[in-house]
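Following: one structure in structure tokens, then a few remarks.
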């Protein structure tokens, strides 16, 4: 399984765009990149998933360069409610044994 | 999508006792997993719950300590046996609805405190 590395924590002011980068140098050909969000006392919640280039949904954008050795989760105009831990996951086919890394604790400041 | 309900949401247990956590999914799912999360830490995969057969455990977790059942496509249980204070943690059930690299859904977790 590809190991992921992401910053332990980040601070951002309300209204700013936040970019969280994840490194996954050993990503395999079949692997997808998935991001989850976890609020205190809740289970993780799926945010976005991609394989290459750029993926955008109503919540976030995911940028993946051609070599796929890293990815960047972009949260536009964050609010206080975006304060959470964000996990980057690299999964093999069939999401067998999905393994969570350390996550990035995002603190949004008023 | 899938909605996952876990019971109990929290419990306080005595050392040496066992507790069973139930996980109910509102739709049939392909995969079910059990995770453990210490406060302030990431999630650690305990095992994959296999329908109709023995669970597949990750390194460091054994069936005698964490027996798991999955009698059908929507229900699973995790038992924490012979508990010690080190077992105090949040236990999370998750499920996937489709094969391939799809979305995993999580329950709210069961917070266990062992005295």
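The values are calculated or read from the model by the stated rules, or taken from the named source; none is laboratory data. The structure displayed is predicted, hence computed values, not measured ones. No Cβ is skipped: glycine too gets one built from the backbone with ideal geometry, and neighbour counts run over all protein chains shown.
Considering the range B:59-98, the residues that are within 12 Å of chain A (Cβ to nearest Cβ) and in contact with a strand residue (DSSP E or B) (Cβ under 8 Å, 6 or more places away or on another chain) include one that is modelled with the lowest pLDDT, namely B:97.
Would you confirm, using the coordinates I've provided, whether residue A:25 is in contact with a strand residue (DSSP E or B) (Cβ under 7 Å, 6 or more places away or on another chain) and either assigned to a loop (DSSP other than H, G, I, E, B) or more than 14 Å from chain B (Cβ to nearest Cβ) (or both)? No. Of all residues in the range A:51-64, none satisfies being surrounded by 20 or more Cβ atoms within 10 Å (Cβ to Cβ), over 24 Å from residue B:6 (Cβ atoms) and at pLDDT below 95. Output the number of the condition that residue B:11 fails; it satisfies all remaining conditions of (1) over 14 Å from the mean Cα position of the chain (by Cα); (2) without any contact (Cβ under 8 Å) to a residue 40 or more places away in the chain; (3) assigned to a strand (DSSP E or B). Exception for residue B:11: condition (2).
Checking each residue in the range A:43-61 for being in a strand (DSSP E or B) and more than 13 Å from chain B (Cβ to nearest Cβ) picks out A:53, A:54, A:56, A:61.
When the range A:62-85 is examined, which residues are found to be part of a loop (DSSP other than H, G, I, E, B) and in contact with a strand residue (DSSP E or B) (Cβ under 6 Å, 6 or more places away or on another chain)?
A:78, A:83
Any chance the range B:33-52 includes a residue that's surrounded by fewer than 18 Cβ atoms within 10 Å (Cβ to Cβ), more than 19 Å from residue A:98 (Cα to Cα) and in contact with a strand residue (DSSP E or B) (Cβ under 6 Å, 6 or more places away or on another chain)? No, the range B:33-52 contains no residue that is surrounded by fewer than 18 Cβ atoms within 10 Å (Cβ to Cβ), more than 19 Å from residue A:98 (Cα to Cα) and in contact with a strand residue (DSSP E or B) (Cβ under 6 Å, 6 or more places away or on another chain).
For the range B:8-23, the set of residues classified as surrounded by 15 or more Cβ atoms within 10 Å (Cβ to Cβ) and under 12 Å from residue B:92 (Cα atoms) consists of B:21, B:22, B:23, listed by residue number.
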